[in-house]
1. Quick check on chain E: of the DSSP beta bridges with both residues there, what percent are antiparallel, nearest 5%?
2. I'd like the residues of region A:205-229 whose 1.4 Å-probe accessible area shrinks by no less than 10 Å² going from the isolated chain to the full set of protein chains.
3. Note the distances from E:W212 to each other copy's matching label point, with points 7 Å along the Cα-to-beta-carbon direction, in nm, sorted shortest first.
4. Of all the residues in chain B, which one has the C-beta that comes nearest the axis relating B to F, and what is the distance in Å?
5. With the Cα gyration tensor of region B:140-185 giving a ≥ b ≥ c as the square roots of its eigenvalues, does the rule (a/c under 1.5 for rounded; else a/b larger than b/c for prolate; else oblate) give rounded, prolate or oblate?
6. What Cys residues in chain C have no fellow cysteine's beta-carbon under 4.7 angstrom?
7. Out of D:G203, D:G109, D:G54, any idea which swings most in a Gaussian network model of chain D, alpha carbons joined below 10 Å?
8. Can you pull the mean other chain C-beta count within 10 Å for peptide F:193-202?
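The values are calculated or read from the model by the stated rules, or taken from the named source; none is laboratory data. Note that the structure is predicted; figures quoted are calculated from it, not measured. Here the Cβ positions follow ideal geometry from the backbone for every residue, glycine too, while neighbour counts run over all protein chains shown. Surface areas here come from the heavy atoms of the whole protein model, side chains and all, with no ligands, DNA or RNA. Shrake-Rupley method; radii C 1.70, N 1.55, O 1.52, S 1.80 Å.
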Number of protein chains: 6
Amino acid sequence: MWRQNNRTYNQLRKVKISYNLFGYAPGNVLFEMGNTKVLCSVMMQKGVPFFLKGSKTGWLTAEYALLPAATTIRTQREATLLKRNGRSVEISRLIGRSLRSIVQLDNIGEKTILVDCDVLQADGGTRTACLTGAYLALEVAEQYWLERDIIPESIIKDALAAISVGVIDNQVYLDLDYSEDNRAGADFNFVLTSSGKLIEVQGSAEKTALSWEIFEQLRQLACKGIVKLLHYSKRLAKDNNQEKGQLFSLQRRGIE
Amino acid sequence: MWRQNNRTYNQLRKVKISYNLFGYAPGNVLFEMGNTKVLCSVMMQKGVPFFLKGSKTGWLTAEYALLPAATTIRTQREATLLKRNGRSVEISRLIGRSLRSIVQLDNIGEKTILVDCDVLQADGGTRTACLTGAYLALEVAEQYWLERDIIPESIIKDALAAISVGVIDNQVYLDLDYSEDNRAGADFNFVLTSSGKLIEVQGSAEKTALSWEIFEQLRQLACKGIVKLLHYSKRLAKDNNQEKGQLFSLQRRGIE
Amino acid sequence: MWRQNNRTYNQLRKVKISYNLFGYAPGNVLFEMGNTKVLCSVMMQKGVPFFLKGSKTGWLTAEYALLPAATTIRTQREATLLKRNGRSVEISRLIGRSLRSIVQLDNIGEKTILVDCDVLQADGGTRTACLTGAYLALEVAEQYWLERDIIPESIIKDALAAISVGVIDNQVYLDLDYSEDNRAGADFNFVLTSSGKLIEVQGSAEKTALSWEIFEQLRQLACKGIVKLLHYSKRLAKDNNQEKGQLFSLQRRGIE
Amino acid sequence: MWRQNNRTYNQLRKVKISYNLFGYAPGNVLFEMGNTKVLCSVMMQKGVPFFLKGSKTGWLTAEYALLPAATTIRTQREATLLKRNGRSVEISRLIGRSLRSIVQLDNIGEKTILVDCDVLQADGGTRTACLTGAYLALEVAEQYWLERDIIPESIIKDALAAISVGVIDNQVYLDLDYSEDNRAGADFNFVLTSSGKLIEVQGSAEKTALSWEIFEQLRQLACKGIVKLLHYSKRLAKDNNQEKGQLFSLQRRGIE
Amino acid sequence: MWRQNNRTYNQLRKVKISYNLFGYAPGNVLFEMGNTKVLCSVMMQKGVPFFLKGSKTGWLTAEYALLPAATTIRTQREATLLKRNGRSVEISRLIGRSLRSIVQLDNIGEKTILVDCDVLQADGGTRTACLTGAYLALEVAEQYWLERDIIPESIIKDALAAISVGVIDNQVYLDLDYSEDNRAGADFNFVLTSSGKLIEVQGSAEKTALSWEIFEQLRQLACKGIVKLLHYSKRLAKDNNQEKGQLFSLQRRGIE
Amino acid sequence: MWRQNNRTYNQLRKVKISYNLFGYAPGNVLFEMGNTKVLCSVMMQKGVPFFLKGSKTGWLTAEYALLPAATTIRTQREATLLKRNGRSVEISRLIGRSLRSIVQLDNIGEKTILVDCDVLQADGGTRTACLTGAYLALEVAEQYWLERDIIPESIIKDALAAISVGVIDNQVYLDLDYSEDNRAGADFNFVLTSSGKLIEVQGSAEKTALSWEIFEQLRQLACKGIVKLLHYSKRLAKDNNQEKGQLFSLQRRGIE
């Protein structure tokens, strides 16, 4: 299969990470993978959901939404419809659940970390881009909170990144764009830690059921892809001194 | 770990399948796994969602809900809150997506198959119980439609069943009940076909990230569990003559 | 007029009462009258509506809903529509109001008794079936609360049952099923105590206005029907020892 | 019991009927009973609910609401809460159902008669005042439609009026005001035709169950009250020439 | 241009002010300008919005709605649609904002003044009629609160009135009715104090952009119109002794 | 008063205009004024609102929303609350109304132009920034539609820009930022055409009523500010060749 920009089956799309471009969140990342562009913000607020009241632990929750013009056919706003979009609800829950598994919220008191992921442009893989971008924004926010003694100690237990893989005509592919995703018979999202351990896997063989051999190929492809992604993210996070408005980005033709 | 009813780590809970007990759906199954009891109904209606209008193909959609008294702490009705429950939305989408992957809707015209899964009693594994129960109700409904020439030919391409597996204290377990699920550090749901192929896998390591060795143990446990589940379902489906009100059930102490 | 199962005009449909089959409510009854099958659950929660805050008295409220497949043409879920169904709201209010008139909530503190009535199969008379079933579930719940000192003394002041009556072609009929209800020019619901006193009457002559002579016939028919209904319910309540999962039922061909 | 303005137990409150004071409905009545003041409008629109599409018959529907300042404690707007008020839903349904029973909509084509009842001031008996007022507005609207050939023939089959009755300290009373209603142990609403036939009865013994003897007293009291009410309404309707802005009213100290 | 009732371009429509006709608000005004009739009520409640909690100051908020029959084509209720109407939201905010600018709420404690404006009949200029009517109702309410020591001192800093002006065929007009408003290329609403100072101006040139010369003409026309309006309102307020049910009104053929 | 970056009272904040950075709209502009950053997209869809069905003319509508992290205190999503935000509704209507006054939609058929304005960062003047940005995006979209014969001829009748002005301590100021807006006693928004004519003015003196002399100063300040803004916008529009992803921006220290 021919891929845009001559990507090989195991190549990531061009990654770009820009810090603190928009808004007032302690942590904000504009994360781009090819033409998929997502804006991730991390803030903290007093209060926890009712099931944690009195527990003295914190909580983390996430919200995912598409801007109307992020898709070629305009996406109607949930607010206008006064109706939640099922897909957005599902992805919001995935992002919150995955991030909660790598943070330690016992010592921050009854506060809630709010993760907002808004898709500015969608070209496949928005949920994994949001997860990776949200993690990076969380890192920046954590440093902000530590420097101001808003939290007593680091809350991030492990680094996280996410990637999609899929099967088109019996061949596995890494990091599908929208047109590839449309042709894929199966589409899996992997969320892994920096040590390669599994946080979440979610996927379905929408057209035909999948053999476990193919699943194993997908798994290995995802694992290797995430290692690369984390590698670049880390390098960036190290360089980044997070001054408001300053922009750090890694642009490559395509990361093999 | 001690399990209720002395179940071993790889034993299913007691399965009971009752056909056409309640309501007017062409296919209706009361599916019980231990104390988890779900009512699955399958009906067909004219019309398809807007994105299929004019396509002459059909659609399948599913809705999942808990009755208020299905949980020890009463679950508020979504209708009373005028707000969809995020978890229910996510599970509804999983059920619809999985069932769509095993049905062929090209020849039924612009009709929608509606799958309703209502949890009468929840003791862990409600989403997998609903998936298995909904599949069985779909089989009954298909026979009903075929006998009355409502559909021209069989629409079910493959049998499906689903099961949950989890990790507690580094040990893998099949078919978690609610108290086990609460203690589990990781919880995965597998949806497989009768030939053991993968339709959907969805799971997360909520407490600590999981090694791939443990994931492989979970995968094997799930595969074996689903083979047993499908075996019993098939036997029942064969015996079942689907007369309204008649009850077929398989009760065992625990299916090893 | 010919009635199904050769019922005479003053015969009830077959009654079946099953205790504690589904869910975790202290009181749960699956109440069946012919093909009408309703599941009634009674739970208690801390808190009262705002207009009782500080009053130290309790409250009782009820919710009525149809499962989608309970009707031959599928009923859309209120949660999906994000809109309350007017008929369900009206019936919920009737059930709550009637039950409140026979309970004494002064001594239970600021707690709310929640009555959930879910129609699993609708064949006419669902609101009266829910009222009768909910009363029976309340009896079971009361015993549960008394045994565990959750309430200091009995709260039920009087027994209650409800029945529908109607007029078809100038002839009165007891306990209409759906097809009879459809043909009826007038349809009344009576809620009475065990001593035959009136709790609520609600009915309308939808096709032509009714003479008071016919109303009197309807009234007498309803009173006699309720006496029978209460008689059977009582007998069952006496036998019932309410162990979880145990099933007590009375099945007759038709109770004259 | 002492009643305001020295009313006897079987006296109506002061009635006032003003035609076409507000708005553009073909029929509009400001109906006052004592301090209860309701504004009833009747309009007609093209279209019928989905269940009548293609039937070539018309439909009638009603909506009831309280203005915020109509009660001594301000009533929150349903629009602000984005939530229907259960009581308003119930009363809206009652008004629609009762009026439908006295109109013949077969020959008006697929049109809907919309009845709007807005309570400007509430002092008990708002639902019966709305019913009586809405009927009077319907009469005016019918004349308007007949004069303009909007309907081919009269659609009103029978005159209708409604009144509330109640029991306070074992004594029956006609036409309760708010303070009386609050003290009443039972409260019944009767909707009757001009010939004294029953259209709807709806009531509950909220405090203690009622004997049938008392019910009979209530019934007779209501019947006589409605005869008086219809008598005055008719006299007014005869005089009324329905010019926009003109006001016809009947004011008495209390109609014995 | 010919105006109804031979009004000149700078003439107000007939004004009528009736006090305390409907409901239980401390201040209630039925304000009529020609055929536009609005009912304005002012009440006070404990509590303030979250952003004022703990501030010990009060708040004022307003709600605007149309009764369904207030327009020639029936206006659907927001409650039925479960959706706020954008125009109503905008006007509610305008009324609240303007009134807040002339009241001093520092000394009333954490209470909220609720202003309800319900349009009974709409013939253009409903928002300005509501503003003027609401101000008059506020004056009555203030007197009521002062007499009962509900507020320690006067809270109204300045008198307020509002009027609409517009441009039709390059000619400016005062106080447009609905048919004039429909033909107007530009439509401005002015809210002024008794000393002629500006509280709010809001307007748009919907058809063609407006020169500043025309705007100046509109401004002067509005200023003069408001002076007249305030003059009459004041005269009425002085006479008014606010007894419940008593009616004070000023009726003229047209106020030049 | 001291202004940030030593701005004089009549200086605009730094303006930056970036074309087609995000999403798939034919016209997209990231418009920045100082720290206020808004993303404006213009798309076209088939269909018009019900009141234009059959008219063969088009329509234009706008939606305004804040991203949660656009404000220092997180703004809750309307979708999460299932409730429209009153301020957003008001601003959406302003943007739609103003843009409609400068477009000619008679010849585009029954299509709707959708204008989406999403605030990425709010520092005062978001509504005027959205109006100016939306106009620029409309220009780009028009060119796109003309080149592809989607519209037969130009639809923009006149150029438009908007600016806020305010009064702080009796001194007028152009283009208020958030901290200035907070201190301002009066705040007006002017929407003008390139020829300096008035499209919309909207403003209120929230603290004390304003003399007409001050209003005149504000008006002149706004007019001059808008001339500058339009000058820069035009220069940019001329240079812009609208290739996807290409960025044109004008950055200055502050435009005097």
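1. So the antiparallel bridges in chain E amount to around 85 percent.
2. Going by heavy-atom accessible area, the residues of region A:205-229 that drop by at least 10 Å² are A:A205, A:E206, A:K207, A:A209, A:L210, A:S211, A:W212, A:F215, A:R219.
3. Relative to the other copies, E:W212 has label-point distances of 1.5, 7.3, 8.1, 8.1, 8.7 nm.
4. B:L82, 4
5. prolate
6. Within chain C, the cysteines lacking a partner Cβ under 4.7 Å are C:C40, C:C223.
7. D:G54
8. 6
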